[in-house]
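Worksheet: one structure, shown below.
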Amino acid sequence: MNGIETILSRKSVREFSDREISKADIKTILTAGMSGPTAVNMRPFEFIVTQKTSILKKISEANGPYSAPLMKAKLGILVCGDTDKGYLGKEGYWQIDCAIAAQNMILAANALGIGSVWLGTYPEKAKYSALQKLFSLKSNVIPFATLAFGYPLDNTSEIRDLYEVEKVHTDKW
Ligand SMILES: Cc1cc2nc3c(=O)[nH]c(=O)nc-3n(C[C@H](O)[C@H](O)[C@H](O)COP(=O)(O)O)c2cc1C
């Protein structure tokens, strides 16, 4: 799969097979997460990684009902931001850095044939506070995105064309 195919064939996957994800693939996914740009190269992201069913279940419960896909996932990655490392402590930058890390991991997984879904955490305080409590995180470490990974039950893959000409404003709005 080339880079453009990896991007255009990505879709949210919420049902996973029993096949385990290898440690090598997990490292590749995390490396992709740590390879995005960050404001002033501050790299404020941290990753809580688990393959344990019991912990996946606890994360799913803490992150709320829309996080059910984690219950059957083979890998969960919680992308956290360290606000002490955000660009000059300015609000907004660490979140952008974490979002790029999350999307990079989703795309890397897709290139490996591994499906994933982003389960929203930040900016919902009830969700990120529950996850902070679950993992006894310091107040400066904020759970940002909860990602569920696994091999898709449905193996069909297609290149989607989501281009909308109305969204493109050439030279002026
Ligand atoms: C910030 C964010 C939060 C999301 N939260 C959830 C969620 O809680 N549960 C879920 O099943 N999907 C969630 N999604 C996935 C979206 O529903 C999905 O990306 C969207 O419907 C488009 O479908 P696609 O990813 O297959 O293109 C989230 C996606 C983003 C970017």
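The values are calculated or read from the model by the stated rules, or taken from the named source; none is laboratory data. All values derive from a computational prediction rather than experimental measurement. Virtual Cβ from ideal backbone geometry, glycine too; neighbours counted across all protein chains shown. Each accessible area value is taken on the protein alone, full model and side chains, heavy atoms only, with ligands, DNA and RNA left out. Shrake-Rupley method; radii C 1.70, N 1.55, O 1.52, S 1.80 Å.
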Can you give the % of DSSP beta bridges in the stretch 1-135 that are antiparallel, to the nearest 5? 75
I'd like the carbon and sulfur percentage of the solvent accessible area for the chain, probe radius 1.4 Å, heavy atoms only, ligands and nucleic acids excluded. 56
Keeping all protein chains in position, work out how much accessible area Ile142 exposes to a 1.4 Å probe, and write it in Å² to the nearest 10. 20
Summing Lys, Arg as +1 and Asp, Glu as -1, what charge do residues with Cβ under 15 Å from the Cβ of Lys58 carry, Lys58 excluded? +4
May I ask you to give the solvent-accessible area per residue for the stretch 21-152, in square angstrom, as obtained with a 1.4 angstrom probe? 46
Just how much of Asp97 is accessible, in Å², when a 1.4 Å probe is used and the result is rounded to the nearest 10? 10
Nearest-20 debye value, the stretch 21-152 charge dipole, Cβ charges on Lys, Arg, Asp, Glu: 380
The chain: DSSP helices with Cα axial extent of at least 24 Å and average Kyte-Doolittle hydropathy no lower than 0.0: 93-111
Work out from phi, with θ = phi - 60° and the Karplus expression 6.51 cos²θ - 1.76 cosθ + 1.60, the ³J(HN,Hα) of each residue of the stretch 145-162, listed in order in whole Hz, and give x for Gly and Pro. 9, 9, 10, 10, 10, x, 6, x, 5, 8, 7, 5, 10, 9, 7, 9, 10, 9
Solvent exposure ordering (accessible area, 1.4 Å, most first) of Asp161, Asp82: Asp161, Asp82
Using modelled backbone amide H atoms (1.01 Å from N, in-plane), which distant-in-sequence or interchain residues come within less than 5 Å of Leu119's amide H? Thr146, Leu147, Ala148
Put Ser17, Ser67 in order of accessible area, largest first, 1.4 Å probe: what do you get? Ser17, Ser67
Which lysines have a Cα lying under 29 Å from the Cα of Lys72, excluding residues fewer than 8 positions away in the same chain? Lys11, Lys23, Lys27, Lys52, Lys57, Lys58, Lys125, Lys127, Lys133, Lys138
Add -39500 (n - 2.57) for each DSSP H run of 4 or more in the chain, then divide by its residues: what number comes out at 222 nm, to the nearest 500 deg cm²/dmol? -10000 deg cm²/dmol
Between the stretch 1-29 and the stretch 116-173, what is the separation of their alpha carbon centroids in Å? 15
